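Here the structure is laid out as structure tokens; the discussion comes afterwards.
The values are calculated or read from the model by the stated rules, or taken from the named source; none is laboratory data. From a predicted model like this one, the values you see are computed outputs, not experimental measurements. So basically every Cβ, Gly included, is an ideal-geometry build from the backbone, and we count neighbours across all protein chains shown.
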Amino acid sequence: MRRIGALFVGCVGLSLCGGLAAHAAPPVEACATNGDGIGMSRIVEVDTRGAPLFGRVANGGYDFLADGEVVLTFDDGPLRPYTRAVLKALAEHCTRATFFMVGKMAVADPEMVREVASRGHTVAAHTWSHAKLQGLAADKAKEEIELGFSAVAQALDAPMAPFFRFPYLRPSASAMDYLKTRNIASFTIDVDSRDFRSRDPDAVKKAVLTQLGGARKGIILFHDIQPSTAHALPGLLTEMKERGFKVVHLVPKEPATTLPEYDAQAAKLIAKKFAAAKGPLASRAVTWQQSDGNPGAEVLPWATHSTTQSPPSTAEATKEGATVPWYKKWFTP
């Protein structure tokens with residue numbers, strides 16, 4: 001890996017950065033540095049010009065983490081009961097994460113997308129339907145990428161981060177080239193929780209801690225659609241703190257832009273979904289199987305609810321703190 005310089009990343013907030021210029025940091029709770037939870041050691045602002053790549057890759061990538069530092073990331077959601085449990089664990093530890101959301105999941109439960117952001121986490125994209133981009137023609141891969149961004153941004157009702165993760169961690173050369181034209185950073189991983197393999201939270205804890213014992217730092221992959229992660233996270237974060245690990249939170253220097261063509265498609269899909277809804281939001285993950293080994297077995301509590309779900313009103317969407325990520329203030333003069 002290449003160690004990243006000031007061109008792409010500036011540190012702000014909780015640590016001094018050797019004189020690098022940065023935006024004024026948003027307020028961070030005191031518990032992030034002196035509480036009982038794992039908290040945060042620093043906030044890293046990412047300049048995505050040129051589409052930098054972060055994490056473990058064969059041909060190099062930007063390494064901005066010191067020994068003992070980790071980045072918490074969650075893919076494939078939101079899925080309400082498990083995402084909410086993850087948010088609760090993160091709040092109890094006064095720390096922040098990045099959520100790479102699937103477009104279909106975001107439009108199925110936009111309230112959860114906004115809840116993630118309102119708690120100070122970074123919202124990013126993971127394609128529209130979790131398709132394997134390596135097997136798609138260039139135009140179809142572009143559609144998966146762009147419709148994912150538009151869907152997540154519209155569910156959020158606020159700018160999102162220009163951060164992207166390839167489904168199955170499998171990039172294609174053409175898709176990587178396309179991300180460069182859009183100045184979108186892509187993130188792979190250094191530590192895999194393997195939470196989709198088991199419902200056992202102890203298995204998740206063991207997988208993460210074992211890998212961190214060797215790597216000593218890195219971007220950790222979880223899935224907030226998995227009950228194993230939802231149950232493992234409180235104890236895992238406690239154990240990580242006891243072992244001296246510190247969380248670094250990623251925020252974008254500038255927000256992602258979306259394309260009008262795909263915004264229009266996303267708006268139609270959202271309107272169609274709400275018109276057809278009988279009350280259920282996403283009742284199960286639309287990506288890969290959950291950790292019970294049966295992709296269709298898990299029916300979530302509201303799946304049989306009879307009240308029609310309505311889109312949030314404009315008034316609700318603009319309530320202070322309800323939808324706007326705290327880092328959006330950095331973009332506002």
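I'd like to check something: does region 207-218 contain any residue that is of a type outside the set (Gly, Ala, Ser), touching a Phe, Trp or Tyr at 6+ places or on another chain (Cβ under 9 Å) and over 25 Å from Phe164 (Cβ atoms)? Yes; the residues of region 207-218 include at least one that is of a type outside the set (Gly, Ala, Ser), touching a Phe, Trp or Tyr at 6+ places or on another chain (Cβ under 9 Å) and over 25 Å from Phe164 (Cβ atoms).
Total residues in region 248-268 satisfying the condition of being closer than 21 Å to Thr48 by Cα and of a type in the set (A, V, I, L, M, F, W, C): the figure is 5.
So for region 55-71 (the condition being out of contact with any Ser or Thr (no Cβ under 8 Å at 6 or more places or on another chain), in a strand (DSSP E or B) and of a type in the set (Phe, Trp, Tyr)), does at least one residue qualify? Looking for residues that are out of contact with any Ser or Thr (no Cβ under 8 Å at 6 or more places or on another chain), in a strand (DSSP E or B) and of a type in the set (Phe, Trp, Tyr), one finds at least one in region 55-71, hence yes. Among residues of region 198-218 that are at pLDDT below 95, those with a beta-carbon under 7 Å from a residue that is crowded, with 19+ Cβ neighbours inside 10 Å and assigned to a helix (DSSP H, G or I) at least six positions away or on a different chain give the pairs Ser198/Ser228; Arg199/Pro227; Arg199/Ser228.
For (1) modelled with pLDDT of 85 or more; (2) of a type in the set (D, E, K, R); (3) closer than 30 Å to Ser129 by Cβ, each residue gets a yes or a no:
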site: Leu16; (1), (2), (3): no, no, no
site: Pro52; (1), (2), (3): yes, no, yes
site: Gly77; (1), (2), (3): yes, no, yes
site: Val86; (1), (2), (3): yes, no, yes
site: Thr98; (1), (2), (3): yes, no, yes
site: Pro110; (1), (2), (3): yes, no, yes
site: Glu115; (1), (2), (3): yes, yes, yes
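Here Asp263 meets each of (1) surrounded by fewer than 16 Cβ atoms within 10 Å (Cβ to Cβ); (2) closer than 22 Å to Ala131 by Cβ; (3) at pLDDT 65 or above with one exception, condition (1).
So, of the residues in region 45-73 that are under 15 Å from the mean Cα position of the chain (by Cα) and closer than 17 Å to Lys217 by Cα, which turns out to be surrounded by the fewest Cβ atoms within 10 Å (Cβ to Cβ)? Applying the filter and picking the extreme gives Gly55.
To keep it simple, each residue is scored yes or no on (1) of a type in the set (A, V, I, L, M, F, W, C); (2) modelled with pLDDT of 95 or more; (3) surrounded by 23 or more Cβ atoms within 10 Å (Cβ to Cβ).
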{"position": "Ser150", "(1), (2), (3)": "no, yes, yes"}
{"position": "Ala158", "(1), (2), (3)": "yes, no, no"}
{"position": "Ala161", "(1), (2), (3)": "yes, yes, yes"}
{"position": "Arg170", "(1), (2), (3)": "no, no, no"}
{"position": "Asp177", "(1), (2), (3)": "no, yes, no"}
{"position": "Thr188", "(1), (2), (3)": "no, no, no"}
{"position": "Asp192", "(1), (2), (3)": "no, yes, no"}
